Each structure stands twice: as structure tokens, then as C-alpha cells.
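Student: Got a structure for you, questions after.
What follows is calculated from the coordinates using simple rules that are stated; it is not laboratory data. All values reported here derive from a predicted model rather than from experimental measurement. We place every Cβ from the backbone using ideal geometry, glycine too, and count neighbours over all the protein chains shown.
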Ligand SMILES: Cc1ncc(COP(=O)(O)O)c(C=O)c1O
């Protein structure tokens, strides 16, 4: 089932290689290893992401350095990347946050001009497109199939690449460093980052409905936006061209109070994301409040509302009514 899942993924994205792995975090770790990122290198990424994007840099002994975000899209701000590059900068991991594609044109140009490896963390954006091209096809990319994702295998991930050498490295490293020899012959110090056939079988069934799921989620987002259009205090998420809908995240002035009120009225919602650079291990590395002010401001205001593929209009209304009450 693993080769079947990989084949389906390759066909869907239109990539040369797709390698199934145990989760999205493993995919990021292997992508950096396969591109030779190592101790002493600097890896740029966004502070507004799930923690494992930056952790992957730490796993390979590299130093993560963040670049502040664009407050409109919540993605890394391409205008700030160049100034963050120093002689040790070897890689940039971009994240298509919440399904919104990054502005690829300037990002590709900066990476090419500065000879920097570009990795796409497309964990939240399966099916999203930039300029008519699916994200995850611009360079080596990583996907996650964690249960909150649009396609899930319970746990799972994928590395996609058009580079044969990267493919060979990922293929070996996910499988204990085996490289075509005997089963107990190990060419590299690898990992057990394989995806099981059982998980892959779930993926095959899930992939059959990816377009339908993305369509239904876009419909739910439209209903939310419509229901919220008269709410002056609520900033609805951008309906950027080519985006998919991983979550429905609104911005509010009084986010913490409103979040608590929604929770106590039985509507589960969460602040999303807290900045990575303010997580304990990153504070220990010297990062602090004020380092990335746009991300910090957005992180204080964003709230993920209930959102799922089969959500009904009346369930959305129920959330909106509770939100209206909390705002008053
Ligand atoms: C942007 C991003 N990167 C990485 C990951 C890590 O994926 P996983 O949980 O499958 O390890 C996730 C999701 O969990 C994510 O949303």
C-alpha cells in the first residue's frame, strides 16, 4: 500500500518523487538531512508555524533564525528574507500557513541568488496552488497526515522532490540507512521513519476525496465569511487565490476573553499559533519578546474556530451566535 499511496500522491501533485514517512516532522528532518544541512548552518524560517518546522533545524544541529511575517497572509514576508541572510545561511523553510500559498516568485529568486536550499513545509496546504501550480512542487516539500489534516493517515507524512539524489537519501534515511544491499546492511546512520502499509491504505482511501474535501471546506469558509461580514470586530481570514482551508482562524482585539467565553459555552476554540520563538526551548536559545513583533501581534489576536469538512450551516450559525454574544 505504501507504493500505491506514493504513486497516487505523485499523480495528484505532479511531482517526480513522493516518499511516505511516519509523520510530517520526520519529513522535515529528512528533507534537511538529504540536502546536507548540518551543524553550524543557519536555517531561516517563519516564527508563525507549528513548532516542528523550526525543530527540524535543531535536529540536524543547525541554528534556526526567524523572519517576521506578512500580517495579511501570516506567511513569511519575502521582503524581509534578504536582510536575514548571513554567510552561514544554508536553507530556508517556508510554510504555506493555514493553506495560504507563500508568495513564491520573490522567494525562489532570493534562494537562487543567494544559493540557499529552499524547503516547502506544505503540511497544511495539500491542494493549494500558486500561479496555477500546486504548492509542494516548487522544490523539496513536506506534507503531514496528522488527524487534523485534510488528508489523514492517523499519523503520516510525505517528502516530495524532483531531485533524484534527494530521493535516494530520503529513501535510505527513512529505512535505517539501507541502500539496496542486504536487509542487515546499512550504508548510512538512518532512522525508522517508515510509514506502515496500514497507514498508507488509509491514505489511499483519503486521497480519493481530496478535491471534494477541499471544495467542501472552501464552502464552509464562505458560509463563515458571510455570517461574519457585519461583525466589525472580527477580521476573517484572507480568501487568497489558490488557497485551501486547513483551519478557520479569525483575528479579534479581545481574543483571550472571547476564547474563554466560547469555550465555556461549549464551543471549542484555541489561540493559533503561539510564536515558535517564544516556546521554552527557543527562549533558552536567546529568543525573546519583541524579536518578531508582527508575528507576536498576530499571535495575540488569532483564534481558530471550529472547522471541519462536514460542518453544517447550522453548526456554523451556532458558533457565530456564541461569538456575537461574547463580543457584546
Ligand atoms: C506547518 C506544519 N509543519 C509540520 C507539522 C508536523 O507534522 P506532524 O504532526 O505530522 O509531525 C505540522 C502539523 O502537525 C504543521 O502544521
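Student: For the stretch 305-324 and the stretch 189-254, write down the distance between their C-alpha centroids in whole Å.
Tutor: About 15 Å separates the Cα centre of the stretch 305-324 from the one of the stretch 189-254.
Student: Once all Cα-Cα distances of the stretch 1-70 are split into 5 Å bins that start at 0, what whole-number percent is in each one?
Tutor: 3, 16, 20, 19, 15, 15, 9, 2, 0
Student: Exposure proxy check: 29, 96 ranked by fewest other beta carbons within 10 Å? Don't jump to the answer; show the numbers that get you there.
Tutor: On the way: 29 26, 96 29.
Lowest count first: 29, 96.
Student: In the P(r) worked out for the stretch 273-328, what percent of Cα pairs fall beyond 12 Å?
Tutor: Working: 1124 of 1540 pairs.
So the pairs more than 12 Å apart make up 73 percent of the total in the stretch 273-328.
Student: If neighbour count is taken as other Cβ atoms inside 10 Å, put 188, 44 in order from fewest to most.
Tutor: 188, 44
Student: How much of the pair distance distribution for the stretch 161-222 lies past 12 Å, counting alpha-carbon pairs only, in percent? Don't skip to the end; give the middle numbers.
Tutor: Numbers: 1414 of 1891 pairs.
That tail contains 75 percent of the Cα-Cα pairs.
Student: Find the all-direction average of the projected area of the Cα convex hull for the chain, expressing the result in square nanometres with one decimal place. Please list the in-between numbers first.
Tutor: Working: hull surface 67.6 nm².
It is 16.9 nm².
Student: Let me ask you something else. Tell me the mean residue ellipticity at 222 nm calculated for the chain from its helices only (DSSP H runs of n ≥ 4, each -39500 (n - 2.57), averaged over every residue, nearest 500). Could you put the intermediate results ahead of the total?
Tutor: Numbers: 12 runs with 123 residues, N = 328.
Value at 222 nm, helices only: -11000 deg cm²/dmol.
Student: Moving on. I need the Kirkwood Rh of the stretch 207-328: take the reciprocal of the average 1/r across all distinct C-alpha pairs and report it in angstrom. Display every interim value, and only then the final one.
Tutor: Details: mean 1/r = 0.0637 Å⁻¹.
When all Cα pairs of the stretch 207-328 are included, the Kirkwood radius is 15.7 Å.
Student: Cα axis of helix 210-227 to longest principal axis of the chain: angle in degrees, 0 to 90, nearest 10?
Tutor: Between the helix axis and the principal axis of the chain, the angle is about 30 degrees.
Student: Here's another thing I want to ask about it. Please determine, in degrees from 0 to 90 and to the nearest 10, the orientation of helix 255-264 with respect to the longest principal axis defined by the Cα atoms of the chain, where the helix direction is its Cα long axis.
Tutor: Roughly 80 degrees between the two axes.
Student: Along the principal axes of its C-alpha atoms, what lengths does the stretch 1-149 span, in descending order and rounded to whole Å?
Tutor: Ordered largest first, the stretch 1-149 gives principal extents of 44, 33, 28 Å.
Student: From the P(r) of the stretch 73-202, could you give the percentage of C-alpha pairs in the tail past 27 Å?
Tutor: Working: 2418 of 8385 pairs.
Looking at the stretch 73-202, the distances longer than 27 Å represent 29 percent of pairs.
Student: Further question on the same structure: Using a 10 Å cut-off around each Cβ, can you sort 301, 90, 325 from fewest to most neighbouring Cβ atoms?
Tutor: Values: 301 18, 90 22, 325 12.
The most exposed by this proxy come first: 325, 301, 90.
Student: Give me the compactness ratio for the stretch 200-270, meaning the Cα radius of gyration over 2.2 N^0.38 Å.
Tutor: On the way: Rg = 15.3 Å, N = 71, 2.2 N^0.38 = 11.1 Å.
This ratio for the stretch 200-270 stands at 1.38.
Student: Please list the three semi-axes, largest first and in whole Å, of the ellipsoid equivalent to the stretch 143-276, using sqrt of 5 times the eigenvalues of its alpha carbon gyration tensor. Numbers along the way, then the final one.
Tutor: Details: eigenvalues 331, 60, 42 Å².
Whole-Å semi-axes of the equivalent ellipsoid: 41, 17, 14.
Student: Another question, then. Please work out the C-alpha center-to-center distance from the stretch 77-122 to the stretch 1-43 and express it in whole Å.
Tutor: 18
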